[in-house]
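Below you'll find the structure, written out as structure tokens, and then a few comments.
Read the figures in this text as sums done on the coordinates, not as results from a lab. Because the structure is predicted, anything quoted here is derived from the model rather than measured. All Cβ positions, glycine included, derive from the backbone under ideal geometry; neighbour counts span all protein chains shown.
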Amino acid sequence: MFCDNQQRARPKCGFCNEEVAKADEMVVERKPIHKNCFKCGACGEECKVGMSLAVQINEYGWFFFCGKHKLLSPGERVEAIQARGFQKKSKK
Ligand SMILES: [Zn+2]
Ligand SMILES: [Zn+2]
């Protein structure tokens, strides 16, 4: 007998790693993302699909950059997210 009690796993946000509810989901770079998480790592403005850049920054995880800030160099990106108070992700 099959039991259909199993809950289907919800996708996890590529940015904050929390589960993403369907109504709150958008897909960026093939990753599910909360709408609220799709913000520029440098200025906090909402990013627009097609205008923004998703970058993985060593030890900080994924960040998005708006049309203005996607032009920053890798070093400037790290400075910008540090300035906004993002911390390195500790690995377990
Ligand atoms: Zn999220
Ligand atoms: Zn920005």
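Considering only Cα atoms, the convex hull volume of the chain works out to 120 Å³ per residue.
Rounded to the nearest 5, the antiparallel percentage of DSSP beta bridges internal to the range 22-83 is 90%.
Other residues with beta-carbon under 14 Å from the beta-carbon of H69 carry, at +1 per Lys or Arg and -1 per Asp or Glu, a net charge of +2. The C-alpha atoms of the chain define a longest principal axis, and helix 74-83 lies at about 80 degrees to it.
Largest GNM mean-square fluctuation among C37, C47, C16, using the chain with Cα springs under 10 Å: C16. Only lysines eight or more places from K48 in sequence, or on another chain, were considered; those with a Cα closer than 16 Å are K31, K35, K39, K68, K70.
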